[in-house]
1. Quick one: check the C-alpha center-to-center distance for segment 64-116 versus segment 129-143, whole angstrom.
2. So, R0 is 25 Å and r is the distance between the beta-carbons of residue 146 and residue 167; what FRET efficiency does that work out to, to 0.05?
3. Can you give me the convex hull volume of the Cα atoms of segment 92-131, divided per residue and expressed in Å³?
4. Any idea how far the Cα center of segment 1-39 sits from the one of segment 160-188, in Å?
5. Suppose we keep just the DSSP beta bridges with both residues in segment 3-184; what percent of those would be antiparallel, to 5?
6. Between the helical axis of 168-184 and the dominant principal axis of the chain, each derived from Cα atoms, what acute angle in degrees is found, rounded to the nearest 10?
7. Roughly speaking, what is the stretch gain from residue 7 to residue 62, that is 0.36 nm per residue apart minus the C-alpha to C-alpha distance, in nm to one decimal?
8. Applying a 10 Å radius around every beta-carbon, put 54-60, 133-139 in order of their mean neighbour count, most first.
Ligand code: SF4
């Protein structure tokens, strides 16, 4: 991680801006390359993430790694992964709008430091928060939307793919579209 990202992580680690700080076991700041061209943003930590303090671990993380590796990406080298919320909502409920509002500035700071070329939104919560409030993953997955010099793309959350494996092929097409976009921009 870069020094600026380290400093931000240190600032976030004791955050008590919302009540999720009461129930978290670990705050999940994010992980990956501090100068990654691709950022992936999910919804919030789940049980395993809360236990381990890392994003996308367990079966959903393994599936995500398969997609990343299939298109030449690797969370250890050229990708950064974070979530809209840094603390787990109890019972994995959806983040409340007021929780998103107070947590989002942390993610925005991460984006300012990392300066990714592309942000992939994993699932409805990330896509409606970062792309458009009326974003529909089932209709608009795999499409790119330019905002502030960053290409945003929404796709299925890996947990949703584990629940509905019939969509795994659609997700692969989305990652292949991501690979094409990165090649067009000379990133891969
Ligand atoms: S979810 Fe975000 S705003 Fe709420 S306590 Fe955790 S880091 Fe702070």
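1. The distance from the Cα centre of segment 64-116 to that of segment 129-143 comes to 16 Å.
2. Between residue 146 and residue 167 the formula returns 0.45.
3. 78
4. That distance is 26 Å.
5. If we restrict to bridges inside segment 3-184, about 30 percent are antiparallel.
6. Result, in degrees: 80.
7. Additional length available on full extension: 16.9 nm.
8. 54-60, 133-139
Every number in this text was worked out from the coordinates using simple rules, so none of it is lab data. If you're wondering where the values come from, they're calculated on a predicted model, not measured in any experiment. Virtual Cβ from ideal backbone geometry, glycine too; neighbours counted across all protein chains shown.
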